[in-house]
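Taking it in order: structure first as structure tokens, then the write-up.
The values are calculated or read from the model by the stated rules, or taken from the named source; none is laboratory data. The structure presented is a predicted model; accordingly, all values stated were derived computationally and were not measured. So basically every Cβ, Gly included, is an ideal-geometry build from the backbone, and we count neighbours across all protein chains shown.
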Amino acid sequence: MGKIKVRAFGMIAEKLPSNELELENIANTDQLLGYLYQQYPALKHTKFSIAVNRKQVHGNELILPESEVALLPPFSGG
Amino acid sequence: MSRFERQTILSGFGQEGQGKLSHSKVLVVGAGGLGCPALLYLAAAGVGTIGIADGDEVSLSNLNRQVIYGERDIGRSKAEVAAEQIRNKYSDIQINVIPYFLNKDNALSVIAAYDLVLDGSDNFGTRYLINDACYILKKPLVFGAIYQHEGQVAILNVQDNEEPLTYRDLFPIPPSASEVPNCSETGVLGVLPGIIGTMQATEAIKYLTNFGNPLIHKVLFYNLKDHGTYMLDIGLNPDGRKLMPRTASEFHQMDYAVVCGPGDLKRWEDVQTFMAEHPENAWLLDVREDHELPKLDNLPYIPMPLSHLKDKMHELAALDTIFVFCQSGIRSARAVEDLKAAMPAKNIYTIEGGIKSLLQKN
């Protein structure tokens, strides 16, 4: 399976080693979340939305090789 | 020569764009870090009617980013000062002052008088409230928010052929306030809300005049550190839709403080740190009834049972900062709503999990 790129924003990026990760063997968003929660348990406490190739998705969504996935938390400041 | 000459000669904008702006009514909710630049540019561009809704007063720590205000304005109503400043600049636009916070009782009637709403608020409760009110009233919403060195901008709830997409599609489950800190806790460079608030004004102007490609049902993420951007298309989200009120009567029954956290949720450790640093002007308030145990024993507090809160809250008039607690955090959230409605200028917080969470820690 090919690689995917994961981009993180805001407080999600703070809980990852970098705001961009490259991952392998990830076929869908459920697998991605399972991997992230296991590797970075702090993520469980922050809600975020997911976009695949710049389209927001919900439910378990297929991730094709070479896709770009974004982890998008809400911001409240103003 | 008109004050709009430099934009009426602009190709694609012209007198037609100016005409549309001068007939537009825009409500800016929150005259803070985002609202100040948005207001200045909307007024300069000639938006015919601008409403300024904010129940807060100017404080010293606002001045690094809320560029309408100066030292002499400290303690004055933000909505009043902002209106005064803009009226002093331009005589050809109408400025409406709404010097109170929007809530589920007043939001629909305030928003109904405008064509477009610009959200410059600073807490999730207000953001979901404005979103839902705009959905019910079918008003486009120019959303903006910041966190540390990043910002988000979007135009939501546009009534085109398809179902309008809302903030609840983008973020279906409202986060608790403690999950996402705000500027007063994490800090912010003043230029960031300057950029994001100006982008919101840009999107409002583009949308109202049909200029360029407005961010309709798209979100732009912006990062101040490297000027990086990321844009995505919002997708309809059934989970978010389940929680959204569809009618005015459903809207009036929502509890935005409990749904989203009151915007001011504190943990015991934060409260203890704050009280140690500001011993003179911060107080704890116990809103449980007299018989409820255990009492708090190692910190000073004021007992004021929820059943007597409305009669006795005037006794709190001299305090700056109040941390409210109860047994588990539910009644204190309700008390904070009542206290904030009566005394909006004070810093009033509910303590997450109440006294139970303190006992679990010790």
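Conditions tested, residue by residue: (1) of a type in the set (A, V, I, L, M, F, W, C); (2) within 24 Å of B:Leu42 (Cβ to Cβ); (3) at pLDDT 95 or above.
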| residue | (1), (2), (3) |
| --- | --- |
| B:Ser176 | no, no, no |
| B:Leu192 | yes, yes, yes |
| B:Ile196 | yes, yes, yes |
| B:Met199 | yes, yes, yes |
| B:Thr202 | no, yes, yes |
| B:Lys206 | no, yes, yes |
| B:Lys218 | no, yes, yes |
| B:Tyr222 | no, yes, yes |
| B:Tyr230 | no, no, yes |
(request) Would you check if there is a residue in the stretch A:47-62 being more than 7 Å from chain B (Cβ to nearest Cβ), in a helix (DSSP H, G or I) and free of Cβ contacts under 8 Å to residues at least 40 places away in the same chain? (result) no
(request) Of the conditions (1) buried (at least 21 other Cβ atoms within 10 Å of the Cβ); (2) within 14 Å of chain A (Cβ to nearest Cβ); (3) in a loop (DSSP other than H, G, I, E, B), B:Ile173 clears all except one; give me its number. (result) (1)
(message) Given the options B:Ala133, B:Ala145, B:Ala79, name the one that is surrounded by 22 or more Cβ atoms within 10 Å (Cβ to Cβ) and out of contact with any helix residue (DSSP H, G or I) (no Cβ under 8 Å at 6 or more places or on another chain).
(response) B:Ala79
(message) Being in a strand (DSSP E or B) and either surrounded by fewer than 16 Cβ atoms within 10 Å (Cβ to Cβ) or of a type in the set (A, V, I, L, M, F, W, C) (or both) is the filter here; which residues of the stretch A:3-27 pass it?
(response) A:Lys3, A:Ile4, A:Lys5, A:Val6, A:Ala8, A:Glu20, A:Leu21, A:Glu22, A:Leu23, A:Glu24
(message) Looking at B:Arg331 and the list (1) outside any loop (DSSP other than H, G, I, E, B); (2) surrounded by fewer than 20 Cβ atoms within 10 Å (Cβ to Cβ), which single condition is not satisfied?
(response) (2)
(request) Scan the stretch B:186-216 residue by residue and report those that are assigned to a loop (DSSP other than H, G, I, E, B), crowded, with 20+ Cβ neighbours inside 10 Å and either more than 10 Å from every other protein chain (Cβ to nearest Cβ) or in contact with an Asp or Glu (Cβ under 6 Å, 6 or more places away or on another chain) (or both). (result) B:Pro214, B:Leu215
(request) Check B:Asn157 against each of (1) touching a residue at least 40 places away in the same chain (Cβ under 8 Å); (2) touching a helix residue (DSSP H, G or I) at 6+ places or on another chain (Cβ under 7 Å); (3) crowded, with 21+ Cβ neighbours inside 10 Å and name the one condition it does not meet. (result) (1)
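Okay, residues lined up against (1) away from chain A (no Cβ under 14 Å); (2) under 20 Å from B:Thr198 (Cβ atoms); (3) at pLDDT 95 or above; (4) within 16 Å of the chain's Cα centre (by Cα):
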site: B:Ile86; (1), (2), (3), (4): yes, yes, yes, no
site: B:Ile95; (1), (2), (3), (4): yes, yes, yes, no
site: B:Pro99; (1), (2), (3), (4): yes, no, yes, yes
site: B:Ser109; (1), (2), (3), (4): yes, no, yes, no
site: B:Asn123; (1), (2), (3), (4): no, no, no, yes
site: B:Ala133; (1), (2), (3), (4): yes, no, yes, yes
site: B:Leu137; (1), (2), (3), (4): yes, no, yes, no
site: B:Gly144; (1), (2), (3), (4): no, yes, yes, yes
site: B:His149; (1), (2), (3), (4): no, yes, yes, no
(message) So A:Tyr35 ticks every box in (1) part of a helix (DSSP H, G or I); (2) within 14 Å of another protein chain (Cβ to nearest Cβ); (3) hydroxyl-bearing (Ser, Thr, Tyr) but one. Which box is left unticked?
(response) (2)
(message) Just to verify a result, which residue in the stretch B:334-352, among those that are assigned to a loop (DSSP other than H, G, I, E, B) and out of contact with any helix residue (DSSP H, G or I) (no Cβ under 8 Å at 6 or more places or on another chain), is farthest from B:Lys104 (Cα to Cα)?
(response) B:Ala345
(request) Collect the residues in the stretch A:63-75 that are touching a helix residue (DSSP H, G or I) at 6+ places or on another chain (Cβ under 6 Å) and either over 14 Å from A:Ile12 (Cα atoms) or more than 9 Å from every other protein chain (Cβ to nearest Cβ) (or both), keeping them in residue-number order. (result) A:Leu71
